[in-house]
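The values are calculated or read from the model by the stated rules, or taken from the named source; none is laboratory data. A quick note: this is a predicted structure, and the numbers were derived from the prediction, not measured. Ideal geometry is used to build each Cβ from the backbone, glycine not excepted, and the neighbour counts take in all protein chains shown.
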């Protein structure tokens, strides 16, 4: 009986919301019209509701679209568990690294206009990087301690390196080398800094690798945000709004919240072990007046319907509702394997762009390169990424389908939900 109630609720919700929030993706009366099973879609609602009920996640918004039509949109659980505020489809989430694909689109738009040369040295746009060095750890035989030797790069770091994370830059939290330690000590996530001030800081630090020699997830995309500012002559937040989110009608996607939007901000639940909400800034801290650092690597807020518009633009090969941001050829380049063959690369579980997982990295997101190796459902050429607060999306051009998951939870706990979402969504396909 409970399963039947969930199935009925899913059917009603899908049909009602397709003509509302999802109208820009087209109207659909039945998921079966796009080759999906309504009964199997109900598995999504059942599983994620169970996770809410047992306290594993506070709440979630799930969205699936195929053939340009919204086939599933469900809000489950709580926007704020402690205050018992119910989750709604238009809840706003910190999307963290799901900002990176949007920043990468900004760069590629300027490349299409001839304003950015993807193979040019980064120092051509940001002279601060002209004298950057590579930090090489060497053991001091007298003390037995590692020391950092600074060496010249064998070649310049390029814009392409920034887009594909082969720049030699890193995230300090993802390692314990002397370079990573230097990143941790440099206060690079200071919310009171401008992008220009951030670039000045990071350009004084040594690279962890020779440019082009290693894939390591990094602050490269934040540097790209500053390049956009320099090349366009616009503050990065204004460029994103004026050239991407505004034209795509992504009205709830920005680096800051209005007073009205702050009432829709979803948050993680309190960790019973600490009594605190893990790693989330308050709505008051996300107002326009308090934002100076527009992090191209992780600063945006968005909703599931908004991010769906971005995904549909990608799936449409650069265009949505008559608004073209990129050419089809540019989308093809961005979603192709961009990593040099044989270079070392690592990553996190299902997100790892490794041959072992049948995956690599394009210009802004990971891409599946092999039908095998990876045990998760998908297609060769699908592309995806996730955010540090648990959000996730993927786009599959072969099946003309994409999915968005918006949730706020510690990233180490989010892997199961990414993977089960893939399995359940692909499990709904009947043709």
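A few comments on the model shown:
- Per-region count, segment 49-67, residues more than 21 Å from the chain's Cα centre (by Cα) and under 26 Å from residue 429 (Cβ atoms): 5
- Taken over segment 180-200, the residue count meeting the criterion of being farther than 19 Å from residue 235 by Cα and in a helix (DSSP H, G or I) is 6.
- Test for residue 338: is it part of a loop (DSSP other than H, G, I, E, B) and either under 19 Å from the mean Cα position of the chain (by Cα) or farther than 25 Å from residue 398 by Cβ (or both): yes
- Among residues that are under 30 Å from residue 332 (Cα atoms) and either at pLDDT below 95 or surrounded by 22 or more Cβ atoms within 10 Å (Cβ to Cβ) (or both), residue 110 is not included.
Yes/no per residue for (1) without any contact (Cβ under 8 Å) to a residue 60 or more places away in the chain; (2) touching a strand residue (DSSP E or B) at 6+ places or on another chain (Cβ under 6 Å); (3) over 30 Å from residue 324 (Cβ atoms):
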| residue | (1), (2), (3) |
| --- | --- |
| 124 | yes, no, no |
| 136 | yes, yes, yes |
| 146 | yes, yes, yes |
| 159 | no, no, no |
| 166 | no, yes, no |
| 172 | yes, no, yes |
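- Test: residue in segment 181-201 that is touching a strand residue (DSSP E or B) at 6+ places or on another chain (Cβ under 6 Å) and crowded, with 19+ Cβ neighbours inside 10 Å: no
- Selected residue (criterion: surrounded by the fewest Cβ atoms within 10 Å (Cβ to Cβ)) from residues of segment 53-69 that are out of contact with any strand residue (DSSP E or B) (no Cβ under 7 Å at 6 or more places or on another chain) and over 18 Å from residue 43 (Cβ atoms): 55
- Exclusive hit being part of a helix (DSSP H, G or I), under 30 Å from residue 339 (Cβ atoms) and in contact with a helix residue (DSSP H, G or I) (Cβ under 6 Å, 6 or more places away or on another chain), set 228, 240: 228
- Subset of segment 201-223 (residues that are outside any loop (DSSP other than H, G, I, E, B) and either out of contact with any helix residue (DSSP H, G or I) (no Cβ under 9 Å at 6 or more places or on another chain) or closer than 29 Å to residue 233 by Cα (or both)): 201, 202, 203, 207, 220, 221, 222, 223
- Qualifying residue in segment 318-330 (condition: under 17 Å from residue 385 (Cα atoms), crowded, with 16+ Cβ neighbours inside 10 Å and in contact (Cβ under 8 Å) with a residue 12 or more places away in the chain): no
- Matching entry among 365, 361 (being touching a strand residue (DSSP E or B) at 6+ places or on another chain (Cβ under 6 Å) and surrounded by 14 or more Cβ atoms within 10 Å (Cβ to Cβ)): 365
- Test: residue in segment 135-144 that is at pLDDT 95 or above, within 30 Å of residue 333 (Cβ to Cβ) and touching a helix residue (DSSP H, G or I) at 6+ places or on another chain (Cβ under 9 Å): no
- Yes/no for residue 425 being over 14 Å from the mean Cα position of the chain (by Cα), closer than 27 Å to residue 42 by Cα, touching a residue at least 60 places away in the same chain (Cβ under 8 Å) and crowded, with 17+ Cβ neighbours inside 10 Å: yes
- Residues (part of a loop (DSSP other than H, G, I, E, B) and either under 22 Å from the mean Cα position of the chain (by Cα) or over 27 Å from residue 145 (Cβ atoms) (or both)) located in segment 155-179: 155, 156, 157, 165, 166, 167, 168, 169, 170, 171, 175
- Among the residues of segment 383-397, the one identified as out of contact with any helix residue (DSSP H, G or I) (no Cβ under 7 Å at 6 or more places or on another chain) and over 25 Å from residue 410 (Cα atoms) is 396.
- Search result, residues across segment 47-78 that are outside any strand (DSSP E or B) and modelled with pLDDT under 95: 67, 68
- Subset of segment 341-354 [surrounded by 15 or more Cβ atoms within 10 Å (Cβ to Cβ) and either assigned to a helix (DSSP H, G or I) or touching a strand residue (DSSP E or B) at 6+ places or on another chain (Cβ under 7 Å) (or both)]: 345, 350, 351, 352, 353, 354
- When segment 258-279 is filtered for residues that are within 20 Å of residue 390 (Cα to Cα) and under 23 Å from the mean Cα position of the chain (by Cα), the ones remaining, listed by number, are 262, 264, 265, 266, 267, 268, 269, 277, 278, 279.
- Some residue of segment 368-381 being crowded, with 16+ Cβ neighbours inside 10 Å, over 18 Å from residue 426 (Cβ atoms) and within 18 Å of the chain's Cα centre (by Cα): no
- When 313, 250, 234 are screened for being without any contact (Cβ under 8 Å) to a residue 40 or more places away in the chain and touching a helix residue (DSSP H, G or I) at 6+ places or on another chain (Cβ under 9 Å), only 234 passes.
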